[in-house]
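Trainee: Okay, here's the structure, questions in a sec.
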Amino acid sequence: LASLAASGNPWREDPGRRADWFEELAPHGESRPEAPEILLFAGCFPSYDRRGRSIARAAVRILQEAGIGVGILGNEEQCCGDSALKIGDLKTFERLRKANLQALQARHEERIYTLAPHCSHVMKTRYDHGAAAKPFVLLLHELVAGGRLPLGEVKRARAVFHDPCYLSKYE
């Protein structure tokens, strides 16, 4: 909680480095392109953890392959506040929620996707924003089903999707 209150993320990482993972992928070096088709709310783990950054970069590369303009909130993004809410620190949650809502409203984005299921759930249920955030995996499904992300030749195979959090339980 002290880390969330002090730096807007659970690891007390530098908030000014939250968007570093995106810089090499951003068109023209911008984390805020003029009119992205979607806004990706990365979350804390993909923003700061080395392995998490590879997940965020892969997500953006997939979207770029599909021809989709993607933007992020950049250093304006803060923790979604889910952990603070769950343990009852409503003051910290409310501060994080307000900061994120202010950043989202300034962008006027309607299609928001998150990499973290906890972020999409808390944003869907506790953020008063006109556009509900959705899990990134739903966007992948939409792109494949709509033909915007061709998979090439698919051989008969079994696949398992494991989401112990919200998508398989509530969506």
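Trainee: Return only the number of the condition from (1) aliphatic (A, V, I, L, M); (2) touching a Leu at 6+ places or on another chain (Cβ under 8 Å); (3) surrounded by fewer than 17 Cβ atoms within 10 Å (Cβ to Cβ) that LEU90 does not satisfy.
Mentor: (2)
Trainee: Could you tell me which numbered condition LYS98 fails, if it satisfies all but one of (1) outside any loop (DSSP other than H, G, I, E, B); (2) in contact with an Asp or Glu (Cβ under 7 Å, 6 or more places away or on another chain)?
Mentor: (2)
Trainee: Now for a separate question. Out of segment 50-66, which residues are crowded, with 17+ Cβ neighbours inside 10 Å and more than 21 Å from GLU13 (Cβ to Cβ)? Lay out the reasoning, then the answer.
Mentor: Here is the first cut: in segment 50-66, the ones crowded, with 17+ Cβ neighbours inside 10 Å are 52-53, 55-56, 59-60, 63, 66.
Selection gives LEU63, ALA66.
Trainee: Within segment 102-120, which residues are hydrophobic (A, V, I, L, M, F, W, C) and either assigned to a strand (DSSP E or B) or under 24 Å from ILE55 (Cα atoms) (or both)?
Mentor: Taking segment 102-120 first, the residues hydrophobic (A, V, I, L, M, F, W, C) are 103-104, 106, 112, 115-116, 119.
Within segment 102-120, ALA103, LEU104, ILE112, LEU115, ALA116, CYS119 qualify.
Trainee: Then there's this: In segment 140-171, how many residues are outside any helix (DSSP H, G or I), within 27 Å of VAL122 (Cα to Cα) and at pLDDT 80 or above?
Mentor: Filtering segment 140-171 down to residues outside any helix (DSSP H, G or I) leaves 146-166, 171.
Narrowing the set further to residues that are within 27 Å of VAL122 (Cα to Cα) leaves 160-166, 171.
Next, from what is left, pick out any that are at pLDDT 80 or above: none.
Residues flagged as outside any helix (DSSP H, G or I), within 27 Å of VAL122 (Cα to Cα) and at pLDDT 80 or above within segment 140-171 amount to 0.
Trainee: Name the residues in segment 61-94 that are part of a helix (DSSP H, G or I) and under 19 Å from GLU110 (Cβ atoms), would you?
Mentor: The initial filter retains those residues of segment 61-94 that are part of a helix (DSSP H, G or I), namely 61-65, 74-76, 82-86, 90-94.
Within segment 61-94, LEU63, GLY74, GLU76 qualify.
Trainee: Okay, moving on. Could you grab the pairs with beta carbons closer than 8 Å, sequence gap of 6+ or different chains, first residue in segment 37-59 and within 12 Å of TYR113 (Cα to Cα) and in contact (Cβ under 8 Å) with a residue 60 or more places away in the chain, second one among the basic types (Lys, Arg) and assigned to a helix (DSSP H, G or I)?
Mentor: From residues that are within 12 Å of TYR113 (Cα to Cα) and in contact (Cβ under 8 Å) with a residue 60 or more places away in the chain, the pairs are LEU39/ARG107.
Trainee: Could you run through segment 10-41 and say how many residues are open to solvent by less than 20 Å² (accessible area, probe 1.4 Å), under 21 Å from LYS124 (Cβ atoms) and either at pLDDT below 90 or out of contact with any strand residue (DSSP E or B) (no Cβ under 8 Å at 6 or more places or on another chain) (or both)?
Mentor: Within segment 10-41, residues that are open to solvent by less than 20 Å² (accessible area, probe 1.4 Å), under 21 Å from LYS124 (Cβ atoms) and either at pLDDT below 90 or out of contact with any strand residue (DSSP E or B) (no Cβ under 8 Å at 6 or more places or on another chain) (or both) number 1.
Trainee: Related question: Scan segment 107-145 residue by residue and report those that are free of Cβ contacts under 8 Å to residues at least 40 places away in the same chain, on the phi < 0 side of the Ramachandran plot and either open to solvent by 60 Å² or more (accessible area, probe 1.4 Å) or β-branched (Val, Ile, Thr) (or both). Full working, then the answer.
Mentor: We begin by selecting, within segment 107-145, every residue free of Cβ contacts under 8 Å to residues at least 40 places away in the same chain; these are 108, 110, 124-125, 127-132, 134-135, 137-138, 141-142, 144-145.
Narrowing the set further to residues that are on the phi < 0 side of the Ramachandran plot leaves 110, 124-125, 127-132, 134-135, 137-138, 141-142, 144-145.
GLU110, LYS124, THR125, ASP128, GLY130, LYS134, VAL137, LEU138, HIS141, GLU142, VAL144, ALA145, listed by residue number.
The values are calculated or read from the model by the stated rules, or taken from the named source; none is laboratory data. On a predicted model such as this, the values are computed, not experimentally measured, just so you know. Cβ sites come from the backbone with ideal geometry, for glycine too, and all protein chains shown count toward neighbours. Only protein heavy atoms, including side chains, enter the accessible area calculation; ligands, DNA and RNA are left aside. Shrake-Rupley method; radii C 1.70, N 1.55, O 1.52, S 1.80 Å.
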